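Down below is the structure, laid out as structure tokens.
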């Protein structure tokens, strides 16, 4: 069969092909992990619970242990973005901004053990992906695949580690939302990928890193086992609207146990015309989010009328938005019912400048409960200032995502703002062991909330409950994109 230049084909990754230099940023490849990070990642669950309950005496230890031992069904691998914030009274906390169903982070993580060169790539595959393939409901005589739409540095690393762990070839293939002739298709619920001969090969299980509208090409009902399945995205892993509601529902359940998912004050299901009213209510400072975007896209920080006007002049694919309280400097954070929260920020540099930084905590579901895999941080482009003007560019002070889109549609990362968890960078963050434990527990709580939402969105027969989903997220533009089967 003849292959045309527009056809996407899979490459084959064989066992023994892993090369570390291809799967880490150069600055991370030779970094030495900070002792506190190593200590945290090796802490036993009992010690984490004991310490957290000591610091938060109203927390029910048995309930926290139960949550940390939670066995996820749909949302098995996640990465939360958290802000280290404080109040005027000095109460510090980690606030969850979002939890991602295809998180990056491995390429930014120094090795925990220099003798294990595959690092937490291998931990992820051995602890979570390999067990996920046991007891497959549909027996498919097919191969393994890794599908992706960005982040080749990490996705190719996963492909090479899967080949080693499973001891078999892995099909590695791009699957973007704009592909004119994709090399991935579904037949009777089974994923097939196009090989170099133009033949579509059945796939029994796939590891996927699809971040851009994954629900428009991955079906909800699929016989091929996919990690994470698309229901995890719609339930909150790529859907900030439903995630906000999942957190709210779970917080109601957690309230009597002294636990809580910390989030900014959130207003959901907001039509564009209503946005100026909510921004005004929050004191003229707010964050507006397109609920289904990621990688720093579709997030707009508003601190002035100029920024609000610029947002209102834009056109969007979707009808509904989220408005959240803005966490900035104490002098210009949102006014909420709970008071003001503002960034702790990095330790001031030699110019006495502090930057906003967020922390990514990646975790996965294992036989031993939900465990941390890796962590890193990112800082903003510009330092925080005490006072703002009408010309202030708030995103450059508050935006931390490293991803940016090139004019040709490809993605790149601004690694100058990457803060490693190594001996050199970690101290700049001004956080300690208790902050890391708090970040981990907040990540787990948000992950469990989304998995519970996913469970509610599937009936006893395993079918998607579209009517319930519409009641939670009645955005016709999104619903029209969802691929059911």
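Structural remarks
- Test: residue in the stretch 257-269 that is more than 30 Å from residue 179 (Cβ to Cβ) and more than 23 Å from the chain's Cα centre (by Cα): yes
- Verdict on residue 251 being surrounded by fewer than 17 Cβ atoms within 10 Å (Cβ to Cβ), part of a helix (DSSP H, G or I) and under 22 Å from the mean Cα position of the chain (by Cα): yes
- All positions within the stretch 456-485 that are free of Cβ contacts under 8 Å to residues at least 40 places away in the same chain, part of a loop (DSSP other than H, G, I, E, B) and surrounded by 13 or more Cβ atoms within 10 Å (Cβ to Cβ): 465
- For the stretch 405-415, a tally of residues being part of a loop (DSSP other than H, G, I, E, B) and modelled with pLDDT of 80 or more returns 0.
- Residue in the stretch 442-453 that is surrounded by fewer than 20 Cβ atoms within 10 Å (Cβ to Cβ) and out of contact with any strand residue (DSSP E or B) (no Cβ under 6 Å at 6 or more places or on another chain) present: no
- The stretch 104-134: number of residues that are under 27 Å from residue 246 (Cβ atoms) and out of contact with any helix residue (DSSP H, G or I) (no Cβ under 9 Å at 6 or more places or on another chain): 5
- Test: residue in the stretch 361-371 that is in contact with a helix residue (DSSP H, G or I) (Cβ under 9 Å, 6 or more places away or on another chain), assigned to a strand (DSSP E or B) and over 30 Å from residue 131 (Cβ atoms): no
- Hits in the stretch 416-450 (condition: more than 15 Å from residue 103 (Cβ to Cβ), touching a helix residue (DSSP H, G or I) at 6+ places or on another chain (Cβ under 8 Å) and part of a helix (DSSP H, G or I)): 426, 433, 434, 436, 437, 438, 441, 445, 448, 449
- Set 298, 258, 283: member being modelled with pLDDT under 95 and closer than 25 Å to residue 450 by Cβ: 298
- When each of 184, 242, 190 is tested for being more than 23 Å from the chain's Cα centre (by Cα), buried (at least 24 other Cβ atoms within 10 Å of the Cβ) and farther than 17 Å from residue 17 by Cβ, the lone residue that passes is 184.
- So residue 320, is it touching a strand residue (DSSP E or B) at 6+ places or on another chain (Cβ under 6 Å), closer than 17 Å to residue 215 by Cβ and touching a residue at least 12 places away in the same chain (Cβ under 8 Å): yes
- Looking across the stretch 14-31 at every residue that is more than 25 Å from the chain's Cα centre (by Cα) and surrounded by fewer than 14 Cβ atoms within 10 Å (Cβ to Cβ), the one that is nearest to residue 144 (Cα to Cα) is identified as 14.
- Flag not set for residue 354, criterion: modelled with pLDDT of 95 or more, under 24 Å from the mean Cα position of the chain (by Cα) and crowded, with 17+ Cβ neighbours inside 10 Å.
- Taken over the stretch 328-340, the criterion of being within 24 Å of residue 418 (Cα to Cα) and either in contact with a helix residue (DSSP H, G or I) (Cβ under 6 Å, 6 or more places away or on another chain) or touching a residue at least 60 places away in the same chain (Cβ under 8 Å) (or both) is satisfied by 328 alone.
- Some residue of the stretch 285-296 being crowded, with 21+ Cβ neighbours inside 10 Å, over 21 Å from residue 481 (Cα atoms), in contact (Cβ under 8 Å) with a residue 12 or more places away in the chain and over 19 Å from the mean Cα position of the chain (by Cα): yes
- For the stretch 128-145, residues that are part of a helix (DSSP H, G or I), touching a residue at least 40 places away in the same chain (Cβ under 8 Å) and either over 19 Å from the mean Cα position of the chain (by Cα) or surrounded by fewer than 19 Cβ atoms within 10 Å (Cβ to Cβ) (or both) total 2.
- Hey, residue 347 touching a helix residue (DSSP H, G or I) at 6+ places or on another chain (Cβ under 9 Å), more than 22 Å from residue 446 (Cα to Cα), surrounded by fewer than 22 Cβ atoms within 10 Å (Cβ to Cβ) and at pLDDT 95 or above or not: yes
- Any chance residue 84 is crowded, with 23+ Cβ neighbours inside 10 Å and closer than 21 Å to residue 438 by Cβ: yes
- Number of residues in the stretch 43-60 that are closer than 23 Å to residue 111 by Cβ and either surrounded by 19 or more Cβ atoms within 10 Å (Cβ to Cβ) or at pLDDT below 95 (or both): the value is 1.
- Which listed residue is in a loop (DSSP other than H, G, I, E, B) and surrounded by 14 or more Cβ atoms within 10 Å (Cβ to Cβ), from 392, 375: 392
The values are calculated or read from the model by the stated rules, or taken from the named source; none is laboratory data. Please read these numbers as outputs of a predicted model, since none were measured by experiment. In this analysis, Cβ positions are derived from the backbone assuming ideal geometry, glycine residues included, and neighbour counts consider all displayed protein chains.
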